[in-house]
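Let me begin by presenting the structure, written as structure tokens, before commenting on it.
The values are calculated or read from the model by the stated rules, or taken from the named source; none is laboratory data. Note that the coordinates shown come from a computational prediction; the quantities given were computed from them, not determined experimentally. Neighbour counts are summed over all protein chains in view; Cβ atoms, including those assigned to glycine, are modelled from backbone coordinates with ideal geometry.
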Amino acid sequence: MHPHREPLPIEFRTELRPGDVEAIVRFHGEAYGKEFGFDPTFETHVSEPLAAFIRSTSPRQRVWIAESNQTMVGCIAIVEASATQAQLRWFLVDASARNTGLGRRLLSEAIEFSRSMKYECIFLWTVSVLEAAARLYRQLGFEIVESHPGRLWGVDLNEERYELELS
């Protein structure tokens, strides 16, 4: 268990600015490459659905970007998968901001937004090596509903689907 760190001065925003798309893709590519050995195909896994998200005008979708000193230290998004289902995507907290409560705050914001948009369920796909995120998902009521091994982004991984019923 890591000691709890002092919170960084963090600003949150939900409006995308020029440069954010590249920053989100780079943030994910660099973090997962360094921490888990994911290859650059992971960046296309982030960028392709992110491009579709940005082109969408649905008010039932939102991205949150957390910044400290104008640097992205966290992000999360809710994507409209259907009228009743929201998909949680692009949840990542920089190593410098972990164990500060930032991940819990981002995830809580996403859940509350989903409730306010009257979604019945939130689902997400993740991989089992992301243990800290999985602990947080379970603490906030998500349950694993599907799990299977596969080779993704140049690495053998166990892919997992979590769901949270909102009703």
Residues of the stretch 58-71 satisfying the condition of being part of a strand (DSSP E or B), out of contact with any Gly (no Cβ under 9 Å at 6 or more places or on another chain) and at pLDDT 95 or above: R62, V63
Subset tally (residues that are in contact with a helix residue (DSSP H, G or I) (Cβ under 9 Å, 6 or more places away or on another chain) and modelled with pLDDT of 90 or more) for the stretch 127-152: 8
Qualifying residue in the stretch 45-57 (condition: assigned to a loop (DSSP other than H, G, I, E, B) and on the phi < 0 side of the Ramachandran plot): yes
Verdict on G103 being closer than 22 Å to A23 by Cα, touching a strand residue (DSSP E or B) at 6+ places or on another chain (Cβ under 6 Å) and of a type outside the set (V, I, T): yes
Number of the condition not met by G103 [criteria: (1) in a strand (DSSP E or B); (2) surrounded by 21 or more Cβ atoms within 10 Å (Cβ to Cβ)]: (1)
Hits in the stretch 88-126 (condition: in contact with a helix residue (DSSP H, G or I) (Cβ under 9 Å, 6 or more places away or on another chain) and of a type in the set (S, T, N, Q)): N99, T126
Which numbered condition K118 misses (of (1) in a loop (DSSP other than H, G, I, E, B); (2) more than 27 Å from S58 (Cα to Cα)): (2)
Among the candidates F53, F36, F42, residue that is within 23 Å of N99 (Cα to Cα) and of a type in the set (F, W, Y): F36
V145 vs. criteria in a strand (DSSP E or B) and buried (at least 20 other Cβ atoms within 10 Å of the Cβ): no
Some residue of the stretch 69-87 being among the charged types (D, E, K, R), closer than 15 Å to L164 by Cβ and either surrounded by fewer than 21 Cβ atoms within 10 Å (Cβ to Cβ) or in contact (Cβ under 8 Å) with a residue 24 or more places away in the chain (or both): no
Selection status of S96, outside any helix (DSSP H, G or I), surrounded by fewer than 19 Cβ atoms within 10 Å (Cβ to Cβ) and either touching a residue at least 60 places away in the same chain (Cβ under 8 Å) or out of contact with any Leu (no Cβ under 9 Å at 6 or more places or on another chain) (or both): no
